[in-house]
1. Helix-derived [θ] at 222 nm for the chain: sum -39500 (n - 2.57) over DSSP H runs of at least 4, divide by residue count, nearest 500?
2. If you bin every alpha carbon distance in the chain into 5 Å steps from zero, what whole percent lands in each bin?
3. In the chain, what percent of the accessible surface is made up of carbon and sulfur (1.4 Å probe, ligands and nucleic acids excluded)?
4. Report the GluC sites (Glu not before Pro) located in segment 31-91 that are in a DSSP loop and have at most 12 other Cβ atoms inside 10 Å of their Cβ, or state none.
5. Summing +1 for each Lys or Arg and -1 for each Asp or Glu, what net charge is found among the other residues whose Cβ lies under 14 Å from the Cβ of Q28?
6. What percent does the relative contact order of segment 22-85 come to when contacts are Cα pairs within less than 8 Å and at least six residues apart?
7. Quick check: net charge around V86, other residues with Cβ under 10 Å of its Cβ, Lys/Arg +1 and Asp/Glu -1?
8. Hey, what did the chain get for relative contact order, percent, Cα under 8 Å, at least 6 apart?
Amino acid sequence: MANPTEIVEIAFTTTPDDPSPVWVDVTQWAQVSYGISITRGRQDERGEVSPSTCTLTLDNSDGRFTPGRTGSPYYPNVKKGRRIRVSEVHDSVTYRRFTGYVDEWPVVWAAAKAAAAV
């Protein structure tokens, strides 16, 4: 059995409520080694249900995911509210792990992230 393959896609050019979004595969910039964290549900049966969240890191060394950067291939569409989805492929079968909306495009330097992980 092969290891699963992660796929990360963002719908840069379609409105958040579009029923047929145009997905752009950004998997090659996803820093899977940093992990993709998906949370959903609640802590226990009495807890309040929280919205699902997905946290991941994209390699932005060329500035492609910097909002407002005119040199980005996705300009002017690197904005909050864009749809994002994370899938996993097992033995040629694709499973959707997360579908949601981008809440923020924070910029964190790799050295700062490494120092925070210590």
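The values are calculated or read from the model by the stated rules, or taken from the named source; none is laboratory data. Just so you know, these numbers come straight off a predicted model, no measurement behind them. FYI the Cβ positions are ideal-geometry reconstructions off the backbone, even for glycines, and counts take in every protein chain you see. Calculation scope for accessible area: heavy atoms of the full protein, side chains included, ligands and nucleic acids excluded. Shrake-Rupley method; radii C 1.70, N 1.55, O 1.52, S 1.80 Å.
1. So the helix-based figure for the chain works out to -1500 deg cm²/dmol.
2. Computed distribution, short to long bins: 2, 10, 17, 22, 19, 16, 10, 4, 1, 0.
3. Numbers: 4070 of 8090 Å².
The C+S portion of the solvent-accessible surface of the chain is 50 percent.
4. Values: sites: E45, E48, E88; in loops: E45, E48.
The qualifying sites are E45, E48.
5. Once positives and negatives cancel, what remains is -4.
6. On the way: 68 pairs, mean separation 14.9, N = 64.
The value is 23 percent.
7. That works out to 0.
8. Working: 191 pairs, mean separation 30.9, N = 118.
For the chain, the relative contact order is 26 percent.
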